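The structure appears right after this line, and notes come after that.
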Amino acid sequence: DLFLADLHAGELRPAYGAAVRDEEVDALRAHFGPEARIVRAVDYPDINQAPLPRFDLLALDQYAMMPVQASRGCPVGCEFCDIWRRFGRKSRNKRYDRMLAEMEELYRLGWRDTVFLVDDNFIGNKPRAKELLGELIAWQEAHGRPFPFLTEATLSMADDDELLELMEAAGFNSVFVGIETPAHESLKETRKHINTTGSMADKVAKIQAHGIQLMSGFIIGFDADPDDIAERMTTCIQEMGIPQAMIGLLTALPDTDLHDRLEKEGRIRSKTTCNNTHGFAMNFVPARPEENVLEDYKRVLDAAYSRDLKGFFERCEVLRRRWPSGRRQTFGKMPVGMQLRALGEFLWAALRSPYRTNAYKFPLSTLGTKPSFCAEAVTLGVKGHHLWAITRNAFEVETMREFMMERLRGYGAFLQGR
């Protein structure tokens with residue numbers, strides 16, 4: 001409102017902000033100067049005040065998924081995460097009619113593919129999430145189940161059978177969860193206490209048995225990481241059967257408790273690029289020798305997406321065994337031509353790759369053992385190629401960087417000798 005009033009009056013300021021914490025107000029004023037309009041907000045914004053997104057402005061055929069938001073905020077409070085500090089620990093929920101209006105607009109525009117519920121934690125308020133799932137199920141049935149859903153949640157979703165059944169019925173194919181690490185001491189360090197109760201492996205298997213694939217984040221670089229973290233994490237990823245494992249180095253993001261702690265300890269040495277995957281650098285001094293941390297990270301990443309993708313397809317086999325028989329992937333109504341083109345491009349890319357044997361073996365064996373999983377098998381193959389390509393490229397770039405640094409050091413020594 002302040003911005004719009006100044007706009008109409010022709011008196012725009014350089015910046016506007018409404019913060020809910022005094023320290024945020026002070027930081028914004030210090031950064032933007034006295035001419036900025038920075039106010040102290042009573043609470044976080046009401047997400048129901050956001051206008052209906054202009055999906056009609058998008059070239060929908062250029063996108064793999066469309067974003068819709070049901071809530072904001074996360075109650076977990078991990079040390080390394082900035083979400084709960086930026087958006088609050090109490091979930092702010094969008095009204096059901098607002099949510100369904102956005103889906104209705106996508107449906108009207110002809111969208112028939114994945115809808116990504118971009119919530120910070122979809123089950124941050126479980127009772128509310130269950131109510132919303134009931135609304136989504138009814139909407140899906142009334143419209144011929146046009147949308148497969150993807151969202152972000154925590155592993156505690158496995159502790160609630162009713163929640164899992166509702167998510168399956170609503171059409172959730174995939175959920176991103178942060179597993180972080182198999183080392184309980186590191187989970188406690190980063191305050192990920194919800195992952196320390198019960199068996200994480202059993203919870204993953206239970207979710208997969210409902211026809212919901214997990215994409216999971218794993219992190220190396222915690223102070224409490226044991227010396228054998230690389231072996232433990234590699235084993236964990238393989239045994240859990242999580243094909244899409246996002247493996248990253250711990251990064252100290254600006255607005256986090258981790259950054260505050262490391263700054264007090266004098267361990268922050270640079271700003272983060274916000275890229276903690278496929279980059280081989282840390283923005284703080286780790287507790288373990290940095291060369292050991294980086295070497296462990298490379299070993300886990302290389303094992304997950306090796307040149308022959310053996311480990312990746314082994315994880316796919318674990319997922320296939322757990323997948324419910326007869327459960328077919330909800331594709332929406334993606335044009336058949338687009339599906340065939342994607343399949344053809346993958347098969348051609350795989351044929352020229354070092355992993356061709358595993359790439360062809362997995363879908364063929366799926367055809368004989370669990371035909372209902374064939375669509376998933378092909379989709380996983382395409383995703384595997386993507387993950388393989390960016391991982392191998394990252395290793396090539398790192399090898400070139402190390403080569404150049406070695407040559408520069410040699411040249412420096414030569415100059416000193418002259």
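The values are calculated or read from the model by the stated rules, or taken from the named source; none is laboratory data. All values reported here derive from a predicted model rather than from experimental measurement. A quick note on method: Cβ atoms are made from the backbone with ideal geometry, for glycine too, and the neighbour counts reach across all protein chains shown. Areas reflect the complete protein model, heavy atoms only, side chains present, ligands, DNA and RNA absent. Shrake-Rupley method; radii C 1.70, N 1.55, O 1.52, S 1.80 Å.
Over the chain, with a Gaussian network built from C-alpha contacts below 10 Å, which listed residue (GLU295, GLU406, GLU396) shows the highest mean-square fluctuation?
GLU406
Given Cβ point charges of +1 (Lys, Arg) and -1 (Asp, Glu) and nothing else, what value in debye, to the nearest 20, does the dipole of the chain about its Cα centre take?
Working: 55 positive and 60 negative charges, 228 e Å.
Roughly 1100 debye, rounded to the nearest 20.
Pick from LEU132, LEU364, LEU106: which residue has the top mean-square fluctuation in a GNM of the chain where Cα pairs under 10 Å get a spring?
LEU364
Counting only protein heavy atoms and using a 1.4 Å probe, what share of the accessible area of the chain belongs to carbon plus sulfur, as a whole percent?
In the chain, the share of accessible area belonging to carbon and sulfur is 56 percent.
Cα-based count: Lys pairs in segment 253-410 below 19 Å, eight or more positions apart or different chains?
So the count works out to 5.
Unpartnered cysteines of the chain (Cβ-Cβ under 4.7 Å counts as a partner)?
So far as the 4.7 Å Cβ criterion goes, CYS74, CYS236, CYS274, CYS316, CYS374 stand without a partner in the chain.
Relative contact order, percent, of the chain when contacts are C-alpha pairs under 8 Å separated by at least 6 residues? Don't skip to the end; give the middle numbers.
Details: 611 pairs, mean separation 49.7, N = 418.
Relative CO of the chain lands at 12 percent.
With a Förster radius of 45 Å, plug the Cβ-Cβ distance of PHE395 and GLN49 into 1/(1 + (r/R0)^6) and report the FRET value to the nearest 0.05.
Result of the calculation: an efficiency of 0.45.
What accessible surface, in Å², does a 1.4 Å probe find on MET65, ignoring ligands, DNA and RNA and rounding to the nearest 10?
MET65 exposes around 70 Å² with every protein chain in place.
Tell me, how many Å apart are the Cα centres for segment 1-60 and for segment 382-418?
Cα centres, segment 1-60 to segment 382-418: 43 Å.
Please work out the average accessible area per residue across segment 198-356, using the 1.4 Å probe convention, and give it in Å².
45 Å²
In the neighborhood of ARG261, defined by Cβ-to-Cβ distances under 9 Å, what is the net charge if each Lys or Arg adds +1 and each Asp or Glu adds -1?
Counting the neighbours of ARG261, the net charge comes to -3.
I want to verify a result. In a Gaussian network model of the chain, Cα cutoff 10 Å, which of these has the top mean-square fluctuation: THR251, THR196, THR114?
Greatest mean-square fluctuation among the candidates belongs to THR196.
Let me check something: with ligands and nucleic acids excluded, how do SER353, SER325 order by accessible area (1.4 Å probe), largest to smallest?
From most exposed to least exposed: SER325, SER353.
List the lysines whose Cα sits under 16 Å from the Cα of LYS192, skipping any in the same chain fewer than 8 residues away.
LYS192 reaches LYS203.
Send over a whole-number figure in Å² for the accessible area per residue of segment 1-140, probe 1.4 Å.
Heavy-atom SASA per residue in segment 1-140 reads 55 Å².
Let me check something: with ligands and nucleic acids excluded, how do GLU23, GLU104 order by accessible area (1.4 Å probe), largest to smallest?
GLU23, GLU104
Once the other residues with Cβ under 15 Å from the Cβ of GLU345 are scored (Lys, Arg +1; Asp, Glu -1), what is the net sum?
So the environment of GLU345 carries a net charge of +4.
Where in the chain are the DSSP H helices whose alpha-carbon span along the long axis reaches 30 Å or more and whose Kyte-Doolittle mean is at least 0.0?
none
Label-point separation (nm) for GLU291 and THR196, each offset 7 Å from Cα along Cα-to-Cβ?
Each label point lies 7 Å from its Cα, and together they span 3.3 nm.
In whole angstrom, note down how far apart the Cα centers of segment 174-191 and segment 216-295 are.
So the separation of the two Cα centres works out to 12 Å.
Straight-line reach from LYS206: which aspartates and glutamates have a Cα under 15 Å away, not including same-chain ones fewer than 8 places off?
ASP159, ASP160, ASP161, GLU162, GLU165, GLU168, GLU239
On a full-extension model of 0.36 nm per residue, what is the gain between VAL20 and LYS271, subtracting their alpha-carbon distance, rounded to one decimal in nm?
The span from VAL20 to LYS271 would gain 87.9 nm if fully extended.
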